[in-house]
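Have a look at the structure below before the remarks.
The values are calculated or read from the model by the stated rules, or taken from the named source; none is laboratory data. These numbers were taken from a predicted model, which means no experiment stands behind them. We place every Cβ from the backbone using ideal geometry, glycine too, and count neighbours over all the protein chains shown. With ligands, DNA and RNA removed, areas are computed over all heavy atoms of the protein, side chains included. Shrake-Rupley method; radii C 1.70, N 1.55, O 1.52, S 1.80 Å.
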Amino acid sequence: MTDEQMARVAKALAHPARIHIARLLSEQSECRGHELFSELPLAQSTVSQHLAVMKKAGLIQGQPVGTAMVYCLVPAVLNDLRQALGSIAASAVACTPETGGC
């Protein structure tokens, strides 16, 4: 995962509502839009905007089924982010006052 991809995914997750959406979608293979709208204390238009941000970042996919939209999480993107963050964490050097700080 490139730095740009990491930033895009991290930005897409950088809102409590979007984290909540990711958690809801992680619990099932797919979820209809109206189910998401009923789970969040936000206006439908606001939830739709959050879904659009997540979709643009590649975190979720949306597929029309009849008159509804069905959303699902893309686990590979989260796994890539986890690996990239793990790599940074594994190579991180602790910052201490004795070493002059960071």
Given the conditions (1) touching a Leu at 6+ places or on another chain (Cβ under 9 Å); (2) modelled with pLDDT under 95; (3) closer than 25 Å to GLY86 by Cα, every one holds for GLU39 apart from (3)
Answer yes or no: is there a residue in region 9-18 that is open to solvent by less than 50 Å² (accessible area, probe 1.4 Å), closer than 25 Å to ILE88 by Cβ and touching a His at 6+ places or on another chain (Cβ under 6 Å). yes
Condition first: among the β-branched types (Val, Ile, Thr), farther than 14 Å from ALA10 by Cα and open to solvent by less than 20 Å² (accessible area, probe 1.4 Å). Now tell me which residues in region 32-63 satisfy that. VAL47
